Structure formats: C-alpha cells, structure tokens
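The values are calculated or read from the model by the stated rules, or taken from the named source; none is laboratory data. What you are looking at is a predicted structure, and each value in this text was computed from that prediction instead of being measured. Cβ placement follows ideal geometry from the backbone for every residue including glycine, while neighbour counts extend to all protein chains displayed. Just the protein is used for accessible areas: all its heavy atoms, side chains included, with ligands, DNA and RNA removed. Shrake-Rupley method; radii C 1.70, N 1.55, O 1.52, S 1.80 Å.
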Amino acid sequence: MATRKVTLSLDSGALDFAERAAKAHGISVSSWLSKAARREAVRTGYTPQKPEPATAEFDEAERSAAEKDLRAQG
C-alpha cells in the first residue's frame, strides 16, 4: 500500500484517545488512525466505486479484515 504524507487537525481529546489506543495496541498513531478510518468507512457502508486494478486485491483484503474486526467486537 502506498503511503502519502498528509496533515490532519484533531481536537486534543481525539488526539489523546488515538495516542493512548495506538500505544495500547503497540502501533504508531498513524497506523492506528489509518485502521480506524478504514473500520469507520466499512461500518458506515462505504465501498470504493472503482478500485484501481493494482490495489483492488489489497483493498478487498483490508475491507474483509475491517469487517472481521467489527464482527469480533460485536
């Protein structure tokens, strides 16, 4: 997966929560936020309209993993 550098603005409470959650899972805040964004997209019903052919297989694996995580959480 390609990584792009972006600048985000989070309120201090959200950033604190993300930092604590990332630390508890032993991953970086960036990685935790990426996973949280994918989970939320799946949870709210988003699916890509036309995935790029080179990334379609990876996107499908990520979507499946996010759905599995949601099912495990109840």
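Percent of accessible area on the chain owned by carbon and sulfur, 1.4 Å probe?
Values: 3370 of 6290 Å².
Ligands and nucleic acids excluded, carbon and sulfur reach 54 percent.
Over the Cα atoms, compute the radius of gyration (one decimal) and Dmax (the largest Cα-Cα distance, rounded to a whole number) for the chain, in Å.
Radius of gyration, then largest Cα-Cα span, for the chain: 13.6, 38 Å.
What size of dipole, in debye to the nearest 20, comes out for the chain about its Cα centre when the only charges are +1 on Lys and Arg C-beta atoms and -1 on Asp and Glu C-beta atoms? It would help to have the intermediate numbers written out before the result.
Numbers: 12 positive and 11 negative charges, 18 e Å.
In debye, rounded to 20, the chain gives about 80.
To test your reading of the geometry: what angle, between 0 and 90 degrees and rounded to tens, separates the Cα axis of helix 12-25 from the longest principal axis of the chain?
In the chain, helix 12-25 runs at an angle near 70 degrees to the longest axis.
Where only protein heavy atoms count, and the probe is 1.4 Å, what is the accessible area per residue for the chain in Å²?
85
For every helix of n ≥ 4 consecutive DSSP H residues, a contribution of -39,500 (n - 2.57) applies; sum these over the chain, divide by its total residues, and give [θ] at 222 nm rounded to the nearest 500 deg cm²/dmol. Mind dumping the intermediate values first?
Working: 3 runs with 50 residues, N = 74.
Taken over the chain, the calculation gives -22500 deg cm²/dmol.
To test your reading of the geometry: what angle, between 0 and 90 degrees and rounded to tens, separates the Cα axis of helix 53-73 from the longest principal axis of the chain?
60
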